[in-house]
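The values are calculated or read from the model by the stated rules, or taken from the named source; none is laboratory data. Please read these numbers as outputs of a predicted model, since none were measured by experiment. We place every Cβ from the backbone using ideal geometry, glycine too, and count neighbours over all the protein chains shown.
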Amino acid sequence: MNDCKFSGRCGKDAETIFAGNGTAITKFSLAVDTGWGDNKRTEWINCLCFKREKLGAMLTKGKAIIVQGEYSTNKWQDKEGNNRERVELICHDVEFQQGDSGGQNSGHSTTSNNTQGAGNTGGYAGQNNGQPQGQEPAFNPDDEIYF
């Protein structure tokens, strides 16, 4: 099974582009701390989300998130004919961490591309996701994003 989960912070604001067929592709980098003491270092994870153009506006530099998805290696040849390779995480789930001070949304919400499993609500997980009443509801793709 190819399933990875990382917790970290967005390295810069997400960028959403559109493929030739009109599919939205949201790209962002995730800074993940690993190690401890003098051996602590930051690993950078290249992330992609498909068909989630509204999510791009919410993924801002410093935003604390948890991503889950499929590890993938993208191979191509550059203009000079050199073989190139890039490791990416194709994100199926993005969760905004509660109490985050790195961005404008400090509530807990989850978005998912995952189409498997019980309780899936139109491609987005956790419409109620066990939150106490009075907290912000989970991200809904049909809602407008207000800043």
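Quick look at the values:
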{"read-out": "Residue match in segment 55-62 (condition: part of a loop (DSSP other than H, G, I, E, B), among the charged types (D, E, K, R) and modelled with pLDDT under 90)", "value": "no"}
{"read-out": "Residue within segment 83-103 that is in contact with a Phe, Trp or Tyr (Cβ under 9 Å, 6 or more places away or on another chain), of a type in the set (A, V, I, L, M) and without any contact (Cβ under 8 Å) to a residue 40 or more places away in the chain present", "value": "no"}
{"read-out": "The listed residue being without any contact (Cβ under 8 Å) to a residue 40 or more places away in the chain, more than 19 Å from TYR71 (Cβ to Cβ), among the polar types (S, T, N, Q) and touching a strand residue (DSSP E or B) at 6+ places or on another chain (Cβ under 7 Å), out of THR34, THR23", "value": "THR23"}
{"read-out": "Residue in segment 81-102 that is of a type in the set (Phe, Trp, Tyr), at negative phi, modelled with pLDDT of 90 or more and touching a Ser or Thr at 6+ places or on another chain (Cβ under 9 Å) present", "value": "yes"}
{"read-out": "Those residues of segment 12-59 which are on the phi > 0 side of the Ramachandran plot and surrounded by 11 or more Cβ atoms within 10 Å (Cβ to Cβ), in sequence order", "value": "LYS51"}
